[in-house]
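The values are calculated or read from the model by the stated rules, or taken from the named source; none is laboratory data. None of the values given here were measured: they were computed from a predicted structure. Cβ sites come from the backbone with ideal geometry, for glycine too, and all protein chains shown count toward neighbours. With ligands, DNA and RNA removed, areas are computed over all heavy atoms of the protein, side chains included. Shrake-Rupley method; radii C 1.70, N 1.55, O 1.52, S 1.80 Å.
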Amino acid sequence: MKIGKYAQFTLAQFTLVGAAVLFAGSATAADWVVRGGVHHVEPASDNGQAAGMDLEIGNSTRPSVSVTWMASERVGIEVLGAVPFRHKIELDGLGKVGSTRHLPPTVSVQYHFLPGAVVQPYASVGLNYTRFFHTRTSGALAGSKLKLEDSWGLAGQVGVDIPLSERWLVGADVRHMDIDSDVKLDGAKVGKANIDPWAYGLYAGYRF
């Protein structure tokens, strides 16, 4: 789903204002939770077209980290970060034509359904900003300048925490991000990459 320029900033402002309201209304915040682990990112099977050819973006696995401020027992504000993901880029009939890296900072509002339970499921919705960089060409496009434009989009998550003690926990989550990027070759737009990945994560966490 493509978000217009005005909607991008409106949604970003809404997220930030919502976080500020929750913070102001909960001077005695319950906890902070830091989670560190790894995420495997799998772009959608249909990644759009570039220069009239089907585009394919490869998978990537990297370490990730998130910090969640628990505004109440059930509601948290999470910021997600990761080591840059690296993806190969292929065009149908030409094979690998390049690679790119991206950072996916995401701010989300989480809802924890069963705080205090042995298994604690949660879900979130938020805003993702994807920054592409170090995009290189190879093979049939070697010597050309390939660029993927940055992307704004919605993000969703479901996950589960399993407490090991009062402070430590382990868990897993599944995320989906709306990432659509204009593809430019030597400055001219030649298509759109519909990446829209699923991300599967495992992590350990610490509450303080």
message = Please go through (1) open to solvent by less than 50 Å² (accessible area, probe 1.4 Å); (2) out of contact with any strand residue (DSSP E or B) (no Cβ under 8 Å at 6 or more places or on another chain) for residue 165 and return the number of the only condition it doesn't satisfy.
response = (1)
task = Scan the range 189-206 and give yes if some residue there is closer than 18 Å to residue 69 by Cα, of a type in the set (A, V, I, L, M, F, W, C) and either out of contact with any Leu (no Cβ under 8 Å at 6 or more places or on another chain) or surrounded by 13 or more Cβ atoms within 10 Å (Cβ to Cβ) (or both), otherwise no.
result = yes
Among (1) open to solvent by less than 40 Å² (accessible area, probe 1.4 Å); (2) at positive phi - the single one residue 137 does not satisfy = (2)
inquiry  = Going by what's in this entry, would residue 136 be described as more than 19 Å from residue 106 (Cα to Cα) and in a strand (DSSP E or B)?
reply    = yes
task = Those residues that are at pLDDT below 95, outside any loop (DSSP other than H, G, I, E, B) and open to solvent by 50 Å² or more (accessible area, probe 1.4 Å), I need them from the range 36-51; list them, please.
result = 49
request  = Determine whether residue 117 is in contact with a helix residue (DSSP H, G or I) (Cβ under 9 Å, 6 or more places away or on another chain), open to solvent by less than 60 Å² (accessible area, probe 1.4 Å) and more than 26 Å from residue 45 (Cα to Cα).
outcome  = no
task = Would you be able to tell me the number of residues in the range 52-71 that are in a loop (DSSP other than H, G, I, E, B) and surrounded by 15 or more Cβ atoms within 10 Å (Cβ to Cβ)?
result = 2
